[in-house]
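J.: Can you keep this structure in mind? I'll have questions shortly.
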Amino acid sequence: MDGSLLYHEGNRELQDAFHSRAIADRLEERTMHTRFTEGDRAFIESAIYFFLATADAAGQPDVSFKGGPAGFVRVTGPDELAFPDYDGNGMFRSLGNLEVNSKVGMLFIAMHDRPRRLRVSGTARVIRDDPLVSTTVGAQLIVRVQARAIFPNCPRYIPSLQLAAESPYVPRAGEDFVEPGWKSDEALCDAVHPRAETYRG
């Protein structure tokens, strides 16, 4: 290892093959940070979705889409953020991975208005009795992520899309939770778990 927080030998091998080590080092030097800036906070807390990368104890990777209302991901400390786990399909692939391998990668991406990307990598804890559970509508668990590296990415390949509507399944204060159709599917309905009791606002 050469002291880089972002790069390992595999990265370096390809950087050297494509003569990009100098720009890779400059990007790490100029853009990578370990504490959230006010700009990071504003972007993260305006997001209505992000992508979550995890791996199991053997290193088998998984990636998941996480969505919610603006503010569902919160910057809770200089190098910490938190997000809720909502009712899902009960497989707990991502959070189950975090129970055996705390390493996590998060990609925040804006495809509406001004394209933007922000990556956060670090370690995560899944907490059932976190204080945020009792004040976050629909949260059955809270995940807290301690950031190790925070860095933006070039948005050049992000398509320009128009947001038609937020998901009707996002938990909202004072509203009944909308159940997805698959829960009443004849092949699945007898095995569907009950929705956990959560704060409703």
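J.: Only one of P180, P159 is in contact (Cβ under 8 Å) with a residue 40 or more places away in the chain and not β-branched (V, I, T); which?
T.: Working: P180 fails: in contact (Cβ under 8 Å) with a residue 40 or more places away in the chain.
Criteria check complete, one pass: P159.
J.: Here's another thing I want to ask about it. For the subset of segment 1-41 comprising residues that are touching a strand residue (DSSP E or B) at 6+ places or on another chain (Cβ under 9 Å) and of a type in the set (A, V, I, L, M, F, W, C), which member is surrounded by the most Cβ atoms within 10 Å (Cβ to Cβ)?
T.: Step by step, filter segment 1-41, then rank; the result is F36.
J.: Would you confirm, using the coordinates I've provided, whether V75 is without any contact (Cβ under 8 Å) to a residue 40 or more places away in the chain, more than 29 Å from S184 (Cα to Cα), in a strand (DSSP E or B) and in contact with a strand residue (DSSP E or B) (Cβ under 6 Å, 6 or more places away or on another chain)?
T.: Judged against the criteria, V75 is a match.
J.: Follow-up question, since we're still on this one. I'm trying to understand the selection: among the residues of segment 164-183, which are touching an Asp or Glu at 6+ places or on another chain (Cβ under 9 Å) and hydrophobic (A, V, I, L, M, F, W, C)?
T.: The one that is touching an Asp or Glu at 6+ places or on another chain (Cβ under 9 Å) and hydrophobic (A, V, I, L, M, F, W, C): F177.
J.: Then there's this: When you check F51 against the structure, is it among the aromatic types (F, W, Y), exposed (fewer than 12 other Cβ atoms within 10 Å of the Cβ) and out of contact with any His (no Cβ under 6 Å at 6 or more places or on another chain), yes or no? Outline the logic, then answer.
T.: Details: among the aromatic types (F, W, Y): yes; exposed (fewer than 12 other Cβ atoms within 10 Å of the Cβ): no; out of contact with any His (no Cβ under 6 Å at 6 or more places or on another chain): yes.
For F51, the condition - among the aromatic types (F, W, Y), exposed (fewer than 12 other Cβ atoms within 10 Å of the Cβ) and out of contact with any His (no Cβ under 6 Å at 6 or more places or on another chain) - is not met.
J.: Considering segment 169-201 alone, what residues qualify as being of a type outside the set (A, V, I, L, M, F, W, C) and within 20 Å of the chain's Cα centre (by Cα)?
T.: Residues satisfying the conditions are Y169, P171, R172.
J.: Which count do you get for residues in segment 1-28 that are modelled with pLDDT under 95 and either assigned to a helix (DSSP H, G or I) or touching a Pro at 6+ places or on another chain (Cβ under 6 Å) (or both)?
T.: Final tally of qualifying residues: 0.
J.: Is it the case that E197 is without any contact (Cβ under 8 Å) to a residue 24 or more places away in the chain and closer than 25 Å to A124 by Cα?
T.: The answer is yes for E197.
The values are calculated or read from the model by the stated rules, or taken from the named source; none is laboratory data. Worth saying up front: this structure is predicted, and the values here are computed from it rather than measured. When we count neighbours, we look across all protein chains shown, and the Cβ atoms used for this are built from the backbone with ideal geometry, even at glycine.
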